[in-house]
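Just so it is clear, none of the values below were taken in a lab; they were calculated from the coordinates. Note that the structure is predicted; figures quoted are calculated from it, not measured. We place every Cβ from the backbone using ideal geometry, glycine too, and count neighbours over all the protein chains shown.
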Amino acid sequence: MRPVNGTLFTPGRNMATGLVVLALVLTLAALLVPVHVYDNTRPAAATTVTWDDDGRGTVGTEFGPLTAMDRDFVRKVRLAGLWELPAGRQAQERTNREAVREAGNHLVDGHTELDKLAIDTARALGVELANQPNAQQQAWLAQMNAAQGDEFDRLFANILRRAHGTVFGLVAQVRAQTRNSMVRTLATRANAVVLDHITVLEATGLVDFAQLEGQGGPVPGPAEPTGQVPPAVPIAPSVPGEAPSPQPAGSG
């Protein structure tokens with residue numbers, strides 16, 4: 001021990017002082033590091049919610065503002081029904097597994113309801129809808145058409161489970177953010193139906209969860225979409241004050 005400028009310092013005291021200084025330096029460094037550095041560590045699922053912008057911006061309707069995300073959601077509900085209804089019917093008719101047949105029953109019932117709601121919503125809001133599945137969806141259906149027995153069951157469970165998991169985030173985001181009452185009603189019902197379908201598909205015991213992790217793994221099936229755009233069918237808006245009239249599910 002020796003005095004410095006009249007103050008007595010010890011090795012223990014020097015070490016404690018150094019630790020305090022080091023802690024202050026690390027705290028300051030943490031405050032200066034840009035926030036986006038830490039954003040890269042967020043789970044992948046938090047960044048997978050996507051929607052297509054049609055470039056038309058937000059428009060006013062008697063049911064509230066209608067955004068590009070709202071319109072894309074209505075179109076996606078319609079597209080889901082256009083391929084998941086046929087997939088559900090295949091499961092009803094072709095499987096020997098009761099759990100797969102039950103999943104098919106739920107898909108047919110759920111998407112019959114959602115398809116009608118999507119068409120009613122589109123008519124009321126002036127949103128154009130497709131009348132056939134897109135290229136990727138057609139390829140999935142073709143692959144299931146060509147499969148037999150256990151192969152069909154596994155393809156059905158995994159392709160449909162992956163599709164529902166991907167859209168689930170969009171349904172939740174639209175339900176939370178939309179200011180349009182008709183879109184909100186559609187999203188509320190879609191949220192319940194999609195969760196039900198996820199549940200019954202998993203109940204088949206055939207879902208490969210390793211491929212579903214983060215919704216980023218490959219799906220058993222064809223390659224990525226070819227870029228083919230399904231034809232759009234204009235849905236005329238209803239007359240103000242008039243209840244939207246339903247159309248047959250396949251008419252668009």
Put one equal scatterer on each alpha carbon of region 46-118, apply the Debye formula with no solvent term, and list log10 I(q)/I(0) at q = 0.18, 0.20, 0.21, 0.23 1/Å to two decimals.
-0.78, -0.85, -0.89, -0.96
If you average the C-alpha positions of region 139-205 and of region 55-74 separately, how far apart do those two centres end up, in angstrom?
23 Å
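In the P(r) worked out for region 109-152, what percent of Cα pairs fall beyond 18 Å?
Distances greater than 18 Å cover 51 percent of the Cα pairs.
Which peptide among 125-136, 51-62 comes first, and what is the full order, when sorted by highest mean count of other Cβ atoms within 10 Å? Write out the running numbers ahead of the final one.
Details: 125-136: 18.3, 51-62: 12.2.
Sorting 125-136, 51-62 by mean packing, highest first, produces 125-136, 51-62.
Given a Förster radius of 30 Å and the C-beta distance between Gln177 and Asp150 as r, what FRET efficiency does 1/(1 + (r/R0)^6) yield to the nearest 0.05? Mind showing how you got there, number by number?
Numbers: r = 42 Å, r/R0 = 1.39.
That pair, Gln177 with Asp150, gives E of 0.10.
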